[in-house]
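Structure record follows, encoded as structure tokens.
Just so you know, all these numbers are worked out from the coordinates, no wet-lab data involved. Predicted model, so just to flag it, every value in this text is computed and none were measured. With ideal geometry, Cβ positions are generated from the backbone for all residues, glycine too; neighbour counts draw on all protein chains shown.
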Amino acid sequence: MRKASLGWFLPVVLSAVLLVVSGSQKAWAQPSDTAANRLASLRYTELPLGSILPKGWLLHQLQIMRDGTTGHLDEVYEKIKNDNGWLGGKGDGWEETPYWLDGAVPLAYLLNDEQLKSKVLKYINWTLTNQRPSGYFGPITKWERETGKKITPENCGEGEDWWPKMVMLKVMQQYFTASNDMRVISFMSAYFRYQQQAIRSCNIGKWTEWAASRGADNVLIIEWLYGITKEKFLPDLAAEIQAQSFPWSNWFAGRDWVINAAAYQDEKKWMTRHGVNVAMGLKDPVVQYRHTGNTSYLNAIQTGFNDLMTLHGLPMGVFSADEDLHGNNPVQGTELCAVVESMFSLEQTIAVTGDLTYMDALERITFNALPTQTTDDYNNKQYFQIANQVNIKKGVFNFSLPFSREMNNVLGMRSGYTCCLANMHQGWTKFASHLWYGTPDGGVAALLYSPNQLKTKLGAAKTEVIINEETAYPFDNRVLFNISTKKPVEFDFSLRVPAWCEEAVISLNGAVLRREKGGQVIAITRTWQHGDKLELQLPMAVTVSEWGRNSRAIERGPLVYALKLGEQWQKGYDEKEGSYYSVFPEAPWNYGIEEAVVKEPATNTTVNIIKPAGNDFVWNLSHAPVEIIVKGKKIPDWKIVNDVAPQPVTARNGLYMGKVDSVSESLTLVPYGCTKVRIVAFPVVK
């Protein structure tokens, strides 16, 4: 049995952190002598957008998004549709249009979809061609319209919030890697020169705390540009922005922050507990490490991530964020924006640290938390999902941010805040574009697994290589790599062996090559030939993990399994937030799993492979490829209170001591991501 605070999370590392935690954010953020003129090296490098083409079930997921809101948000959502500020109009000029583009741009190039490319290029081209002579960019401000003048560093106060521009910079960075459009480089260089001058009088938090809490996103692109242009002012600008932003790294290292976030739910400093801010802040230590070279930052992310997931972690791999951090009780909610932003932060952390823990964590979120929070057609989303979600309906629930219209839990296009409607599109798209990373020695690393084709140049001579990855992962344990190359080429082929796998088997052209323990990235160095077949087998054992309130979750490989309840969908309408869906279970949910399952899961569970996850796979009950059968008993007194199912009280030994039905029943569990209503964190009964 794995403890939630240990298992797949990093151990706490304090030694170097405690030496620096008392220092100020500015002291930490100063570049070292060696880092002032270069960036700390990456363990892995991101590949250009378009190098990876999704296949199989992942391709189908992206096609659904193209046909749904990701491909058509500008047509169906009034805020972006009408007179858009990022096209020169007076409409949305803040975060939602850049949020949408941050997912729609990678989708266009992952699918090589010319129609979608043309659509997103309208916004990119307008933004590039309407940059002000000073370097400022973005929608035309009210002051500019009224005076006919342009924003400069001297009148920067007439400009608008730094935050939406941070998101648009991410859009531009992705577009450049796909297109090599050099306008992006000169555009960014001019903007950062403007920012260097303006930031002195218009600091990062001048307009909103959102920008101050998310400064690492700004610095991330500064570092990326510096890697290309080597402009000497950029490291200083990075340090200044970090000094003006929330000190996430200090907080992660110091630990009091995450403890206080678990203890207090008042209005004081709530922006530091806001789940989406925290998700974005997770990248702060690795961003700071890159322009300072100070390894204490790497220790800070180890400590902070472990503490965060210990105190606030939920079985589906993400932390509570409804909207604030809210502890590890399985009836707390998590905002969809927090899910996708955590994924992006982990993708950046993987590149810098090369630490397998973050790779396992990223897969856990992606294959469990992400798919359950949208409808099959990708046209409706759920603002807050709940781990033990026994109904989806209007209500206050147990959230720290209840709305008077009680729309935070329903599935709707405009229910809850619409930030998630715009931001949800980056989850699957950026996961797909980070399945592979490059290595510094000219090799390639398969660090996350899903069906796809990689086309890149490898080895000393930069020889073009195509690798077709065939797999039904995460439902199946076999990953096959078929290599195509016009001539033999030597390079390192790195593979991740997840921590949950006891021993992986690696075969080459049908013969066993190596057996490797879990929890490492291995490299295979050889001269690869056209037609080589490398196979990775990752045996998936059923295990049990421990979560909040003495609950237990059933796992197999990267997937967490939840009680299959059946679903009754009901459509509703809210005058302000439009159409939405409620979902209710069709079967009893109030079961505990038997103690024998927890003690010996291998011998007390049955795994049934129902059908392969084919090209038509959708994350729903009817397509669930795998089921796990366990024994459980009904708990009559476990009932819904204020729309949630409070976890039954257990003894120290983990057992529920109240009344339990005498009849033992077979319970069917399916992948969490295929469910809408469920129990995933179970009480344990005799």
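Observations on the structure shown:
- Between the amide H of Asp324 and those of Gly275, Ser400, Leu401, distances stay under 5 Å, these residues lying 5 or more places away or on another chain, with hydrogens modeled in the peptide plane.
- A simple rule links phi to the HN-Hα coupling: the Karplus curve 6.51 cos²θ - 1.76 cosθ + 1.60 with θ = phi - 60°, which for the stretch 426-443 gives 7, x, 5, 5, 6, 4, 4, 7, 10, 5, 10, 10, x, 10, x, 8, x, x Hz, with x for Gly and Pro.
- Gyration tensor verdict on the stretch 401-536 (Cα atoms; rounded if a/c is under 1.5, prolate if a/b is larger than b/c, oblate otherwise): prolate
- Burial ordering of Trp210, Trp528, fewest other beta-carbon atoms within 10 Å first: Trp210, Trp528
- What the phi angles of the stretch 585-593 give under the Karplus curve with 6.51, -1.76 and 1.60, with θ = phi - 60°, is a coupling list of x, 9, 8, x, 10, 7, 10, x, 8 Hz, glycine and proline written as x.
- Inter-site label distance for Lys142 and Ser118 at 7 Å from Cα along Cβ, in nm: 3.7
- Highest mean packing first, where packing is the average number of other Cβ atoms within 10 Å per residue, the peptides 674-682, 136-144 line up as 674-682, 136-144.
- Projected area averaged over orientations for the stretch 543-685, convex hull of C-alpha atoms, nm²: 10.2
- Karplus 3J(HN,Hα) series, Hz, for the stretch 187-193 with 6.51 cos²θ - 1.76 cosθ + 1.60 (x for Gly, Pro): 4, 5, 4, 5, 5, 5, 5
- Amide H partners (placed H, <5 Å) of Lys631, local residues excluded: Glu594, Leu667
- Percentage relative contact order, the chain, counting C-alpha pairs under 8 Å, at least six apart: 15
- Dipole-positive endmost among Val560, Met540, Leu325 within the chain (Cβ charges, Cα centre): Met540
- For the stretch 456-592, the direction-averaged projected area of the alpha-carbon convex hull comes to 14.0 nm².
- Calculated diffusion of the chain, Stokes-Einstein form, Kirkwood radius summed over Cα pairs, 4 °C and 1.567 mPa s, µm²/s: 50
- Ordered by the number of other Cβ atoms lying within 10 Å of each residue's own Cβ, fewest first, Glu231, Glu546 fall into the sequence Glu231, Glu546.
- Subset of Lys142/Lys576; Lys90/Lys150; Lys90/Lys165; Lys122/Lys430 violating a 23 Å alpha-carbon distance limit: Lys142/Lys576
- Cα gyration tensor shape for the stretch 42-244, rounded if a/c is under 1.5, else prolate or oblate: oblate
- Taking trypsin sites (Lys or Arg not before Pro) across the stretch 528-606, the ones in a DSSP loop with at most 14 further Cβ atoms lying within 10 angstrom of their Cβ are Lys576.
- The packing ranking, built from the mean of other Cβ atoms within 10 Å per residue, places the peptides 579-586, 100-107, 483-490 in the order 100-107, 579-586, 483-490, highest first.
- From its DSSP helices (H runs of at least four residues, each -39,500 (n - 2.57)), the chain gives a residue-normalised ellipticity at 222 nm of -10000 deg cm²/dmol.
- Ranking of Thr349, Thr310, Thr527 by count of other Cβ atoms within 10 Å, fewest first: Thr527, Thr310, Thr349
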